[in-house]
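Visitor: Sharing a structure, written as structure tokens. Questions coming.
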Amino acid sequence: MGADSAGPQVAVVGTGVAGLAAALGLAQLGLRVALIGPAPRSSPPTPAFDARIYALSAGSVRLLEQLRVWAQVDAQRMQPVERMRVVGDTGRELDFSAYSVAAERLATIAEERELLRVLALGVQMAAGISRREAALTALQSSFDGVRLQLADGQALQVPLVIGADGAQSPVRAAAGIHAEVLPYGQTAVVANFACEQPHDGTAWQWFTDDGVIALLPLPGRAVSLVWSAPEALADSLQALAPVQLAERLTAYLGAVTQDAAGPLGRLQPLGTAAEPGRTHSFRLRRLRVDRLTVHGIALVGDAAHVVHPLAGQGLNLGLQDVSTLLAVLRERESWRAHGDPVLLRRYARRRAEAIDLMRWTTDGLARLFAWDDPRVRQMRNTGLALVNAAGPLKRALVRHALG
């Protein structure tokens, strides 16, 4: 038993970036889509930048262009990344540049708030998308399709459900897909700062004894901090006032780089006099599922995988899940149902290598640089220097990151 001729053909559960992108893409394929979840997070325009900043890969930008929303993102709130400098805990460095592969940029910095705004507008304008803001309360999957029960009493029967409902995914739990969660014992401390010196479109990353410190360039003279710190240190950083955190970070980077001014000079909280910036945090963990699909259900985004943020690839992985799923459905044989197990296996196979590679890379680096052993320290820093000296290998890594 499938959906009737007037009902939805696909249900997307989740209204984050991945869920909105999936719903919009499916509607543009001509499908009737039920989008389930609360209205997307929104906030009034503000001079301050969003706390959630993403470095979008070329592949993610291509998807947003295909969805016809990328042109609507405020160009004044985007920043190209032209160079990335990765520094080990003995000063050895790995330096990537867009110039080395004749690319315009390595990534594009964008705010989650802006991405949600343009995707929500696209969803609102698209034909074939119906909104259901009630929460999902039950889900039952069978070879005949998937039945969803919502908190407001509505029930839906569809051939295919896309679970884009985050790391705590009710869809994943209801489908019986097992998730292995491994805490890193770290907390990411996030804040935005104005910098004294221009960043020149450079993203910095330092592996230190106190965790991984990343600074992403923002428009103008501003940067976004993600400090993946041991939990005790993270607690102390969060307790600091924004001005104190800026002073602590400036001094710390000055000590790490052996330059009193640090690479960007003095940092100051980015915000207004009334609200001089805010500090946010989230616990870091790895999430791995035993399968991406089950009868009539496919997972995308954080519902399918969570990786360490040191490579900044979490959202990119999720958007490429969406891109791959849309491609599989676009290539669907006309006689197959949209939730056909063969189609879902195609999706899972196409995503397996990319997800495993990113998980292995981020998990391996996080553990390697957390290992406090002099021999390991020498090995990992020598490795950075060797890769930096190997031009063809380094260019291959850049091209892979560009997608």
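Visitor: What full-extension length gain, to one decimal in nm, is calculated for T90 and A251 as 0.36 nm per residue of separation minus the Cα-Cα distance? Display every interim value, and only then the final one.
Guide: Details: separation 161, 0.36 × 161 = 57.96 nm, distance 1.77 nm.
Here the segment from T90 to A251 would lengthen by 56.2 nm.
Visitor: Using each residue's phi in region 165-177, evaluate 6.51 cos²θ - 1.76 cosθ + 1.60 at θ = phi - 60° and report the 3J(HN,Hα) Karplus result to the nearest Hz, with x for Gly and Pro.
Guide: Using θ = phi - 60°, the values come out as 9, x, 5, 8, 2, x, 4, 4, 5, 5, 7, x, 8 Hz.
Visitor: Would you work out what percent of the accessible area of the chain, with all protein chains in place, is carbon or sulfur (probe 1.4 Å)?
Guide: Roughly 53 percent, rounded to a whole number.
Visitor: Subtracting the Cα-Cα distance from 0.36 nm times the residue separation, let me have the gained length for L233 to Q124 in nm, one decimal. Kindly include the intermediate steps, with their values, before the conclusion.
Guide: On the way: separation 109, 0.36 × 109 = 39.24 nm, distance 4.34 nm.
The L233-Q124 span can extend by a further 34.9 nm.
Visitor: Now for a different question. Per residue, how much accessible surface does the chain expose to a 1.4 Å probe? Answer in Å², no decimals. Walk me through the numbers before you get to the answer.
Guide: Details: 18400 Å² over 403 residues.
Roughly 46 Å² per residue, with all protein chains present.
Visitor: What figure in square angstrom, to the nearest 10, would you give for the accessible area of E112 with a 1.4 Å probe?
Guide: Surface accessible to solvent at E112 totals approximately 30 Å².
Visitor: While we're on this one: Work out, step by step, the length gained on full extension between D356 and D209: first 0.36 nm times the residue separation, then minus their alpha carbon distance; give nm to one decimal. Intermediate values should be presented prior to the final figure.
Guide: Values: separation 147, 0.36 × 147 = 52.92 nm, distance 2.70 nm.
Working it through step by step, the gained length comes to 50.2 nm.
Visitor: For region 226-301 and region 50-118, compute the distance between their C-alpha centroids and round to whole Å.
Guide: Measuring centre to centre over Cα atoms gives 18 Å.
Visitor: Same structure, new question: So what's the chain giving for Rg/Rh, alpha carbon basis, Kirkwood Rh from the mean inverse pair distance?
Guide: Using only Cα positions, Rg/Rh for the chain is 0.98.
Visitor: Which percent of Cα-Cα pairs in region 171-247 sits in each 5 Å bin, short to long?
Guide: Values per bin, smallest distances first: 3, 14, 19, 19, 14, 10, 8, 7, 4, 1, 0.
Visitor: Normalised by the residues of the chain, what does the relative contact order come to in percent, with Cα pairs under 8 Å and at least six apart? Don't skip to the answer; put the middle values down first.
Guide: Values: 822 pairs, mean separation 83.4, N = 403.
Value for the chain: 21 percent.
Visitor: Also, quick follow-up: So which chymotrypsin sites (Phe, Trp or Tyr not before Pro) in region 276-365 pass both tests, a DSSP loop state and at most 15 other Cβ atoms within 10 Å of the Cβ? Present the calculation step by step, with values, prior to reporting the outcome.
Guide: On the way: sites: F282, W335, Y347, W360; in loops: W335.
Those satisfying the criteria are W335.
Visitor: From the helices alone, meaning DSSP H stretches of at least four residues, give me the mean residue ellipticity at 222 nm for the chain, per-run term -39500 (n - 2.57), in deg cm²/dmol to the nearest 500.
Guide: When only DSSP H runs of four or more count, the value is -11000 deg cm²/dmol.
The values are calculated or read from the model by the stated rules, or taken from the named source; none is laboratory data. The shown structure was predicted, so the numbers you read here are calculated from the model rather than taken from an experiment. Every residue, glycine as well, gets a Cβ built from its backbone with ideal geometry; the counts of neighbours run over all protein chains shown. Each accessible area value is taken on the protein alone, full model and side chains, heavy atoms only, with ligands, DNA and RNA left out. Shrake-Rupley method; radii C 1.70, N 1.55, O 1.52, S 1.80 Å.
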